[in-house]
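Every number in this text was worked out from the coordinates using simple rules, so none of it is lab data. A quick note: this is a predicted structure, and the numbers were derived from the prediction, not measured.
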Amino acid sequence: MNKEQKAKRIINTWTGPIEKKILPKMALALPDKINPDHLTILGILATIIIFLGYILVWYSKLWLLLSIFGFILHWYADSLDGTLARVRHTERERYGYFVDHICDAWATVFICIGIGLSPLMQIESALFLAVGYLLLNIYSHISAYTDRIFRLSFLKIGPTEIRILLIIINFILIFWNPVIVQFEEESLSMVDLGALIIFGVFCFVFIGTSIKTAIRLNQEEKQA
């Protein structure tokens, strides 16, 4: 990807101003022997930790603390791998873009499957959640091609805000996850209902933004 093809990163989130200040300092503080690939591997390990924390909830809800630790570790690794490359001026644009977002997609699916296999949420609800998130992810990557803009946030919510929300939800689930809807053999818990609502919001944003972008691109190309 050359300079003419490079998509501009757009991230407008609640935590963005804080991260812009602290992440470069955190990256510069890392030892020289640590490189972005090491942080990418750490992010993969963090995903596995989150997955195991959810599975182990079958034995005790306190294992959710392991998943919470995994989310914090994943934020650290995922936020710093690209930052480290930028502050050291060692960016590998195509390689970094490919590896980073392949790992993000893998992490989304793996984490959702983990909570779906736990006693906290129905697997169907978890998969709906994964589909909704990946739809927005797909939109971002398509926009990187059509508009040369890579959008990393929607409604001022980005990956960090989602992790913070998940950490809060995990704390709540240690103590409270009531059944909301009871069927003959199945039930929907509070976290199931929350996942379906979030899926609906993701789909609403995806459909609305996609239609708006398609109309704009159609008008621009007709005028060209």
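If I build a Gaussian network model for the chain, linking alpha-carbon pairs within less than 10 angstrom, which residue out of H141, H101, H89 has the largest mean-square fluctuation?
H89
Between I174 and I123, what is 0.36 nm times their sequence separation minus the Cα-Cα distance? Round to one decimal in nm.
Value of the extension gain: 16.5 nm.
Starting from the Cα gyration tensor of the range 8-223, take the square roots of the eigenvalues, sort them a ≥ b ≥ c, and report rounded, prolate or oblate (rounded when a/c is under 1.5, otherwise prolate if a/b is larger than b/c, else oblate).
oblate
Starting from the Cα-Cα distance between K156 and H38, subtract it from 0.36 nm times their residue separation and give me the gain in nm to one decimal.
Numbers: separation 118, 0.36 × 118 = 42.48 nm, distance 2.92 nm.
That works out to 39.6 nm of additional length.
Which one, F204, F110, F150, has the greatest fluctuation when you compute a Gaussian network model over the chain with C-alpha springs under 10 angstrom?
Taking springs between Cα atoms under 10 Å, the residue moving most is F204.
From the backbone phi of the range 204-209, what are the Karplus-calculated ³J(HN,Hα) couplings (6.51 cos²θ - 1.76 cosθ + 1.60, θ = phi - 60°) in whole Hz, Gly and Pro given as x?
Values per residue, Gly and Pro as x: 4, 5, 4, 5, x, 5 Hz.
How large is ³J(HN,Hα), in whole Hz, for each residue of the range 154-169 in order, when computed from phi with the Karplus curve 6.51 cos²θ - 1.76 cosθ + 1.60 and θ = phi - 60°, using x for Gly and Pro?
Each residue's phi maps through the Karplus curve to give 9, 6, 6, 10, x, x, 5, 4, 5, 5, 4, 4, 5, 5, 4, 4 Hz.
Say the cut-off is 24 Å between C-alpha atoms; which of K21/K212; K156/K212; K8/K156; K61/K156; K20/K61 go over it? Write out the running numbers ahead of the final one.
Working: K21/K212 33 Å; K156/K212 18 Å; K8/K156 17 Å; K61/K156 31 Å; K20/K61 35 Å.
Beyond 24 Å: K21/K212; K61/K156; K20/K61.
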